[in-house]
Amino acid sequence: MDAADVVASLLILGIIIVSLLSNVVVLICFLYNPEIRKQVPALFILNLSFCNLLQSVSNMPLTLFGLVTSGHPGGSGFCQIVGFLDTFLTTNSMLSMAALSIDRWVAVVFPLSYHSRIRHRDAVLALAYTWIHSMCFSAVATCRSWLGYNHLYASCTLCSVRAKAAGKQFIVFTVALHCLTFLLTLIVMCVTYLKVLKVARSHCKRIDVITMQTLVLLVDIHPSVRQKCLEEQKRRRQRATKKISTFIGTFVVCFTPYVITRIVELFSPGPINPHWGVFSKCLAYSKAASDPFVYSLLRYQYRKTCSLLANKALKRSSLNSSSTRVENKARTTAVTCNATVSIQPPTTQPMKAIICRDVYQAQDGRLTSL
């Protein structure tokens, strides 16, 4: 093994560990929290996590084994099974991301009719399509014996060497596979998320107008409170853009090098650097490790569930209950004090800060669905 193979092996090992832990946590949160199970997007996230987890225990370890031993991981039949899983799971995960983007688009653009447009039955039908779509391409590649160990990627996947006899058929199949998975998903994500971003910016403008009207009414508001409200405006304008950029950016960065390498491999007269092939495969694997954080674990409900599970595992439930009682008592005392103080005209600045905060919270409902 040279230095590049050692780095690639360590990278894949890290991806396996992060992917296993993060996707298992997502599955545990889904099983533990009934509120998450009631949400339609949770079904797409569950399917995505299942595909990522299965890829972490099947394809990634064999790629690591191929890099370490520089040999064929198992027999031909075993490698075809792993190649079938590689094509199926990658295609399924991409289509799940497209389904998630459509769900977010409906939730933000049509919030009042979301529950009538997107139901659990519709989500199950969408997932059934992703499975059938992925199964068809994987079955065709298996039946045509186009799956095998590809030294360029050090993994069991579509193998151009085995498909040389097929000629144009394999080229058409590979191009169709990536057009109907990667390119289709990218187009759907760009269209839907840009629509979502447009609506989010419109909501931010409304919030800014209402906030400025509130600040005009509170003519004697303290400068620090005014500055805080203006900073809140800026933060809300940037939040939607960052989320959309994360959704689309991680997909493009992780999958584009691998897909381009696949297409170039079909038409390139000379060999491709194997280090680049392994690196592009590592980037594709890294999507399985980043998906739990992009789509679920950084959201409030998942973070809250993880916190509850951690406290339960550490046997801190009694400590939490006592602290909750103390907080409730302190909150009751604070409310009583604020009610008493608010009667006196000279101390109106804290109440104006609360009004400014509540205006944001009341008008920011749709943006939180991102």
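Working note: Karplus 6.51/-1.76/1.60 with θ = phi - 60° gives the range 242-256 the couplings 5, 5, 5, 5, 5, 4, 6, x, 5, 5, 5, 5, 7, 9, 4 Hz, where Gly and Pro are set to x. Centre-to-centre, using Cα atoms only, the range 65-119 and the range 245-301 are separated by 13 Å. Give me the net charge of LEU177's neighbourhood, meaning all other residues with Cβ under 14 Å from the Cβ of LEU177; Lys, Arg count +1, Asp, Glu -1. With Lys, Arg at +1 and Asp, Glu at -1, the net is 0.
Neighbours of CYS306, meaning other residues whose beta-carbon lies under 11 angstrom from its beta-carbon, give a summed charge of +4 when Lys and Arg score +1 and Asp and Glu score -1. The slack in the chain from LEU184 to LEU298, taken as 0.36 nm per residue of separation less the alpha-carbon distance, amounts to 38.4 nm. Within the range 1-30, find all residues whose amide N lies under 19 Å from a label point positioned 7 Å from the Cα of THR246 along Cα-to-beta-carbon. What the label zone holds, given the 19 Å backbone N cut-off, is 18-27, 29-30.
3J(HN,Hα) along the range 129-137, derived from phi through the Karplus expression 6.51 cos²θ - 1.76 cosθ + 1.60 where θ = phi - 60°, amounts to 5, 4, 5, 5, 4, 5, 5, 5, 5 Hz, with x in place of Gly and Pro.
Phi angles of the range 103-117 translate, via the Karplus equation with coefficients 6.51, -1.76, 1.60 and θ = phi - 60°, into HN-Hα couplings of 4, 5, 4, 5, 5, 8, 7, 10, x, 6, 10, 4, 5, 8, 8 Hz per residue; Gly and Pro are given as x.
For ASP122, ASP291, ASP2, ASP103, the sequence from fewest to most other C-beta atoms within 10 Å is ASP2, ASP122, ASP103, ASP291.
Database remark: amide H of SER155 closer than 5 angstrom to the amide H of ASN150 (H placed geometrically; neighbours at sequence offset of 5 or more, or on other chains; Pro and chain starts carry no H).
Here, each number is a calculation from the coordinates, and none is a lab measurement. A quick note: this is a predicted structure, and the numbers were derived from the prediction, not measured. FYI the Cβ positions are ideal-geometry reconstructions off the backbone, even for glycines, and counts take in every protein chain you see.
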